[in-house]
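See structure below.
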Amino acid sequence: MAGPTLARGRLTELDALRGIGALCVLVFHYSTRFHELFPQAAHVPFSFPGGNYRVLLFFTISGFAIFFTLDRIATVADFIVNRFARLYPAYLVAMLMTLGIEYLAQATQLLVGPFAILANLTMLQGFAFIPEVDGAYWTLTVEIAFYVCMIAIWKFAGLKRLEPVLAAWLMIRWLYWARPDMPERIIMLLVLRYTPFFVLGMLAYRLWRGQRTLRQQAPYAALALLSVATIETWDVALVACVLLAAFLALIHGHLRFIAIRPLVWLGGISYSFYLIHQHVGFVVMLECARAGYSPWIGFAAAFLVALTLGTAINRVVEQPAGEAILAWWKRRREGRRLVPAPATTQG
């Protein structure tokens, strides 16, 4: 059976899934994580454990969405500029904004030192095991490592026979399980803790595009699930199964009911929202607690501040800066093509 022949435009359901993931991460941070870091502060009377489960959704989405870039690049430089334009401007502004708010509020428990701040400017601090300005940034290290792996696969192996390469990647993950003394940087650079989730997203994309059939993808999906089941705990294995089922439903058009305007909108700003929500939200909740307000007021105020700042960063920085960088790169490439070759002289 061939892959689903759906329209190949933007999947609004994918944005809705991003929105759901962003909401879940925020609730986890503002309930469970806030209470862990500030047990003395008043907090909402519930816990939302398992925050990393929601991050696994983001990694699966990244595996799916990486092809939106890989399918339209011609060189490694194209990929680097595209990812830089997508990630860095919003990251830089959100990081500086977070630092400014932390310093103004004198939130010493959240602050990092000057060296760590300089390292965070590179966006590569995780690879040097340097603390992040905001703890939520740890996922960016995983994403960047995934990008390095994918551009290496694109450059040296190609995408036509991608699935055997993914199978080999999963096999390497079992080496990580069998060799607990494997160097941490190798584990990080090869994304071995999260490989199956990226793989599930990639398999789903290839099926959605009609490049592979369900029968062809099934053994590789089973291998990814087996990788999770043999290495992770039962609950993570269950999450992997749910994510696989969700993405199968997505590509066959069975998740259209989640594509409601608020979730799609939140998914559209989810990157900026994610970058700004955690520490800034903590500061807002701490200030509300000090002022004697109900923790529910603090929770709602933190959510509204994160939503406002995330929207502003997305509209003022993420979109225009990304578009400007890509437009500059396009002009630069076209200019190079128009440069005439030097004339040769006949002897």
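One table, with the values for the structure above:
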read-out: Enumeration of residues in region 113-144 that are more than 27 Å from Val316 (Cα to Cα), of a type in the set (A, V, I, L, M) and part of a loop (DSSP other than H, G, I, E, B); value: Ile130
read-out: So Gly210, is it touching a residue at least 60 places away in the same chain (Cβ under 8 Å) and not in a helix (DSSP H, G or I); value: yes
read-out: Subset of region 183-215 (residues that are in contact with a Pro (Cβ under 8 Å, 6 or more places away or on another chain) and surrounded by fewer than 22 Cβ atoms within 10 Å (Cβ to Cβ)); value: Gly210
read-out: Residue within region 231-250 that is surrounded by fewer than 19 Cβ atoms within 10 Å (Cβ to Cβ), modelled with pLDDT of 95 or more and among the polar types (S, T, N, Q) present; value: no
read-out: Selection within region 15-53 - open to solvent by 20 Å² or more (accessible area, probe 1.4 Å), closer than 20 Å to Ala300 by Cβ and assigned to a loop (DSSP other than H, G, I, E, B); value: Ala42, His43, Pro45, Phe46, Ser47, Phe48
read-out: Hey, Leu56 of a type outside the set (Lys, Arg), within 22 Å of Glu318 (Cβ to Cβ) and assigned to a helix (DSSP H, G or I) or not; value: no
read-out: Contacts under 6 angstrom Cβ, first residue in region 156-175 being in a helix (DSSP H, G or I), partner open to solvent by 50 Å² or more (accessible area, probe 1.4 Å) and not hydroxyl-bearing (Ser, Thr, Tyr), 6 or more apart; value: Val165/Ala157
read-out: Every residue from region 284-294 that is surrounded by fewer than 20 Cβ atoms within 10 Å (Cβ to Cβ) and part of a helix (DSSP H, G or I); value: Glu287, Ala289, Arg290
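The values are calculated or read from the model by the stated rules, or taken from the named source; none is laboratory data. Because the structure is predicted, anything quoted here is derived from the model rather than measured. Glycine also receives a Cβ, built like all others from the backbone with ideal geometry; neighbour counts cover every protein chain displayed. Accessible surface areas use protein heavy atoms only, side chains included; no ligands, DNA or RNA. Shrake-Rupley method; radii C 1.70, N 1.55, O 1.52, S 1.80 Å.
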